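Below is one structure, written out as C-alpha cells; the observations come after it.
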Amino acid sequence: MRLAFDFLLFTLTTTTSALTMRPVRPVHPAHLPLTSAYLTSLPPLPPDFTLSLAPMMEYTDRHFRHLCRLISPEMELWSEMVTANAIVNTKENEDYQRRFLQQSPLENPTILQLGGSDPSSLALACKIAVTSQSWSGNWNGINLNCGCPSDKVSLKGCFGARLMESPKLVGECIAAMSEAIEDTPHNIPEISVKCRIGVDDNDSYSDLTNFIDSVTAVSPVKTFQIHARKAVLDGTFSPVDNRTIPPLKYSFVYDLCRDYPGLNFHLNGGVMSLTSVYDIFEESNEKLKGVMVGRSIVSQPWYWSNLDYVLFGKYPENGVDTRGDLVMKYAEHAEEEEAVEGVKARRRLIRPLVNLFNGEDGGKRWRQKCDEIMQSAGSKRKGYAEDSKDYRSLTDLLREALTVMSEEAVERSRFDTFELMLLKEKIIREEGVEGGGGGIDKVARQAKAVWEAERRERERIMKENDYGNEDEALQNTS
Ligand SMILES: Cc1cc2nc3c(=O)[nH]c(=O)nc-3n(C[C@H](O)[C@H](O)[C@H](O)COP(=O)(O)O)c2cc1C
C-alpha cells in the first residue's frame, strides 16, 4: 500500500499538467479525498506569482504585518499609505519616523506605499525611507498610491485616485522617486503604481490605457496593482462606498495583461478565497503577475494560512501550525515591542488578533478578551500597568484568552482549516445557499459534521499506512 502510494506520488510530482505545463504538486497523504482531488487538479502557481496583502490605513502596520508573516512566509506585505509630507516633515522626530517606517525584523518582503503628488517631496521621502535608519531601509519596493478616494486625499490633498486625472504628473513623480533611490545601497527593484480602473466618467478601457501609456511614457514604471473598480470622486461616495458600490471589472485587468505584455499587472478587489485566486489567474490566460487581497485577510486571517501550500506547494516551517501556535509566537513579538514602547502599545499590539477566531463558536468571546487587554492597557486598577504588582505579561494574558475557545478551534491545523473551508464552499455550491447569517451558520454546522466524519476516516488511513503523525507523513512526501 505504502509503495503504491509512493509510486503514485512520484508519478504526480514528475508529470506536468497537460493544460498549463506547470508541475503538478505532491499531495499530503493525510489529505481528505476532497482536498486531494481538489489540489491535484491545481498545479502550483508560477514562483514569480505574488499574493500580496493590500495596503490598508490603520490596519497594515508592522504588527499586523508581523502576524501575516507568521501566517505565511510567502505573502508579500504592504505598509499602510504614508504621505510623503508626513515623512519629510517629521524627519527629525524618531518617534514619528518609527511609527511610519519601522519594520519588524521578520517581515520582508514588504512594500512601502507612499501618498503625495509633489515629485520632489516624494523623492525625498523615498530617500529618507531607504537610507535613514537601521530599523527602516529594508523595503523591497516602493509604491505610489493613485487609488485612494477619500476626500482628504483626493480633494484637499489632490493625490490618491485624483492622480489618475494627471497621468503625466504621475510619470514625473515616479521618475523623481526612481532617481532618488538609484544610488542608495538598497537594491529596491522599482517604484510601482497602485490605481483604480478609472475615476468618475473617465472609466472606459481606453481611458485606462491612456493612463498607462502616459505614465509609462515618462517614467520607468513596469508594475501596476489595479483595484478593478473605478473611484467616484464627486463627493457623493464615502471611502466605504468607493470600495463596494462601483462594480468590479476584472476583464479590464485581463485585457491590460493581453495588451501590454511588457508590463506586470496585479489584480485587486473583492478576492475572498484561495480558490478564486486560481480562477482569476486562469482567466487572465496565466498572464497576471499577482493578486492582492485586503479585507478578507483582515476579517479571516487564519483562513489565508493555507496560501503557501495551496498556491505554491510549500509548507511553512516556522512552528506555526495552529492558531494556538500563532498566538503564542505573536505574543513573543508583542512582548519585545512592549518592552520598548511600554503598555500603552497594547492597543496596537493586540488589534491584529481580534478577528482570529471569526466564524467560530466563541469568536465573540475571543474579541471581548482582546478588547479587555486593549482597553486595560496602562490601567493600574485592572493590574495591567508595568509597575503594578499584579502586572501580567501579554503571553500570560493571551494564553488565558485562548481558553475561551474550544481546544479544537485553537489546535485546528492549517490543512484542517482549508478542508473545512472547501467543504463549506462545496455545500454552498451544491445547495445554492445564498449569503446571510442563518444560511451560512447552517452551512458551517453541516460542513463541520462532514469534516469530523472524514477526519476520523483520515486517522484510520494514517494508522493503516503506519504514519506516526502528519509531520512524518509530510516528510515522506517531500
Ligand atoms: C480600512 C482600509 C484602508 C485602506 N487603506 C488603503 C491605503 O492606505 N492605500 C491603498 O492603496 N489602498 C487602501 N485601501 C484599499 C485596499 O488596499 C484595497 O484596494 C481595497 O480594500 C480592495 O481590496 P479588497 O476587496 O481585497 O479589500 C484600504 C482599504 C481599507 C478597507
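Test of understanding: extend the Cα→C-beta vector of Arg455 to 7 Å, then name every residue of region 351-373 with backbone N under 13 Å from that spot.
Under cut-off, by backbone N: 361.
Quick one: which residues, 5 or more positions from Arg229 or on another chain, have an amide H under 5 Å from its amide H? H modelled 1.01 Å from N in the peptide plane, none for Pro or chain starts.
Here Ile197, Lys249 satisfy the definition.
If we sort 48-56, 93-101 on the protection proxy, mean other Cβ atoms within 10 Å, highest first, what's the order?
On the way: 48-56: 20.9, 93-101: 15.6.
Top to bottom by mean Cβ count within 10 Å: 48-56, 93-101.
Can you tell me which of 228-235, 443-450 comes out highest on packing, and rank the rest after it, using the mean Cβ neighbours within 10 Å? Before the final figure, lay out the partial values.
Values: 228-235: 20.0, 443-450: 15.4.
Packing proxy ranking, top to bottom: 228-235, 443-450.
Along the charge dipole of region 50-312, pointing to its positive end and built from +1/-1 on Cβ of Lys, Arg, Asp and Glu, which listed residue (Pro246, Ser305, Asn85) has its Cα farthest out?
Ser305
Determine ³J(HN,Hα), in whole Hz, for all residues of region 280-294 in sequence, where each value follows from phi through the Karplus function 6.51 cos²θ - 1.76 cosθ + 1.60 and θ = phi - 60°; x replaces Gly and Pro.
5, 4, 4, 5, 7, 6, 6, 9, 5, 8, x, 10, 10, 10, x
Among the lysines in region 50-312, how many pairs, 8 or more places apart or on different chains, have alpha carbons under 14 Å apart?
Working: Lys91/Lys127; Lys194/Lys222; Lys194/Lys230; Lys194/Lys289; Lys222/Lys289; Lys230/Lys249.
Pairs that pass both the separation and distance tests number 6.
Nothing charged except the Cβ atoms of Lys and Arg (+1) and of Asp and Glu (-1): what's the magnitude of the dipole of region 50-312 about its Cα centre? Round to the nearest 20 debye. Can you show the working numbers first?
Details: 22 positive and 31 negative charges, 75 e Å.
I would put it at about 360 debye.
Find out how many positive minus negative residues lie around Asp234, taking Lys and Arg as positive, Asp and Glu as negative, among other residues whose Cβ is under 13 Å from that of Asp234. Display every interim value, and only then the final one.
Details: positive: Arg162, Lys230; negative: Asp151, Glu165, Asp200, Asp201, Asp203, Asp241.
Net charge around Asp234: -4.
Take every DSSP beta bridge whose two residues both sit in region 50-312, then give the antiparallel share in percent to the nearest 5. Provide the component values of the computation, followed by the final result.
Values: 1 of 33 bridges.
Taking every DSSP beta bridge with both residues in region 50-312, the antiparallel ones total about 5 percent.
Give the aspartates and glutamates reachable from Lys424 as a straight Cα distance under 17 Å; neighbours fewer than 8 places away on the same chain don't count.
Glu360, Asp361, Asp416, Glu434, Asp441, Glu452, Glu454
For region 323-411, what does the alpha-carbon gyration tensor say about shape, rounded, prolate or oblate, given a ≥ b ≥ c as the root eigenvalues, a/c under 1.5 as rounded, and a/b over b/c as prolate?
Since a/c reaches 1.5 and a/b is larger than b/c, the shape of region 323-411 is classed as prolate.
Peptides 300-311, 390-401: what's the order by average Cβ count within 10 Å, highest mean first? It would help to have the intermediate numbers written out before the result.
Details: 300-311: 22.5, 390-401: 15.8.
With the highest mean Cβ count within 10 Å placed first, the list reads 300-311, 390-401.
Give the lysines reachable from Lys364 as a straight Cα distance under 20 Å; neighbours fewer than 8 places away on the same chain don't count.
Lys442, Lys448
Lys369: which lysines have alpha carbons under 20 Å from its alpha carbon, excluding same-chain residues fewer than 8 sequence positions away?
Within the straight-line cut-off, Lys369 pairs with Lys329, Lys344, Lys380, Lys382.
What nm value, rounded to one decimal, do you get for the distance between Asn187 and Ser120 when each label is placed 7 Å out toward the C-beta?
It works out to 3.3 nm between the two label points.
Quote the charge dipole size of region 273-344 about the Cα centre in Debye, to the nearest 20; the model charges only the Cβ of Lys and Arg (+1) and of Asp and Glu (-1).
Values: 7 positive and 14 negative charges, 62 e Å.
It works out to roughly 300 debye.
Give the average over all directions of the projected area of the C-alpha convex hull of region 237-280, one decimal, in nm². All intermediate terms of the calculation are to be shown ahead of the outcome.
Working: hull surface 15.5 nm².
That works out to 3.9 nm², a quarter of the Cα hull's surface.
No value in this document is a laboratory result; all are computed from the given coordinates. Please read all numbers here as calculations on a predicted model, not as lab measurements. All Cβ positions, even for glycine, are placed from backbone atoms using ideal geometry, and neighbour counts span all protein chains on display.
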